[in-house]
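Participant: Can you read through this structure? Questions will come right after.
The values are calculated or read from the model by the stated rules, or taken from the named source; none is laboratory data. Quick caveat, the model's predicted, so the values are computed rather than measured. Cβ: placed from backbone, ideal geometry, glycine included. Neighbour counts: every protein chain shown.
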Amino acid sequence: MTQEDEGLDSLVRKRIRALRVAQGWSLEELASRAHLSQSSLSRIENGQRRLALDQLVTLARALDTTLDQLVETAADDVVTSPTIDSTHGRMCWTIKADPGMSVVRQRLTEPPSENPAHMRAHPGREWIVILSGTAILMLGHSRFRLETNQAAEFPTMMPHSIGAEGGPCEIMGIFDRDARRSHQRDGETESTPD
């Protein structure tokens, strides 16, 4: 197994655990939904059992996601800077827009969790724009420092957390329909219309 394969293997295992925890399910509950034994699921999450394609398909279904999302790797272009039109006094961040998105402004005062076991993973995509201060975006073991006026786009199937660095920061979060549902289920954002 190459180092890249080992990294993907570890990511998929962490993602399975993070999705299970985000749903509030015990090992026993997910194992039952996926028609696996609890000990098999525990060994899969802990890297003590080989990942088999048929089990990944079953686990993806049980976690209400797809195999593609379960094995998706992070894009290289996570952090973007604005396009500045000084003639018209505008700053623009290009995002991939689709129906059913929600926009939420948040003030963060605490640093993010850097422990992947405490990070969230769920279906969908998120975009954040830093309105003021400095934010830290953790994607698995990668750490991104975002300053005022920078933006980031990332797949939420990657275990992630966002927090402030060196004092409060304000961000604008843009959630697609799947990401919004996951945050609403956890009570993190106010209900917004479709």
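Participant: What about Ala117, is it within 13 Å of the chain's Cα centre (by Cα) and either at pLDDT 90 or above or of a type in the set (A, V, I, L, M) (or both)?
Facilitator: Judged against the criteria, Ala117 is a match.
Participant: Among the residues of region 93-101, is there at least one that is of a type in the set (Val, Ile, Thr), farther than 16 Å from Thr156 by Cα and either modelled with pLDDT under 75 or in contact with an Asp or Glu (Cβ under 8 Å, 6 or more places away or on another chain) (or both)?
Facilitator: yes
Participant: Considering only region 49-65, state which residues are of a type in the set (A, V, I, L, M) and either modelled with pLDDT of 85 or more or under 18 Å from Gln38 (Cβ atoms) (or both).
Facilitator: Correct list: Leu51, Ala52, Leu56, Val57, Leu59, Ala60, Ala62, Leu63.
Participant: Please list, ordered by first then second residue, the pairs with beta carbon atoms under 6 Å, 6 or more apart or interchain, first in region 116-136 and without any contact (Cβ under 8 Å) to a residue 40 or more places away in the chain and under 23 Å from Glu147 (Cβ atoms), second in a strand (DSSP E or B) and acidic (Asp, Glu).
Facilitator: Filtered contacts from region 116-136: Ser132/Glu170.
Participant: When region 125-149 is examined, which residues are found to be in a loop (DSSP other than H, G, I, E, B) and more than 26 Å from Leu11 (Cα to Cα)?
Facilitator: Gly133, Thr134, Glu147, Thr148, Asn149
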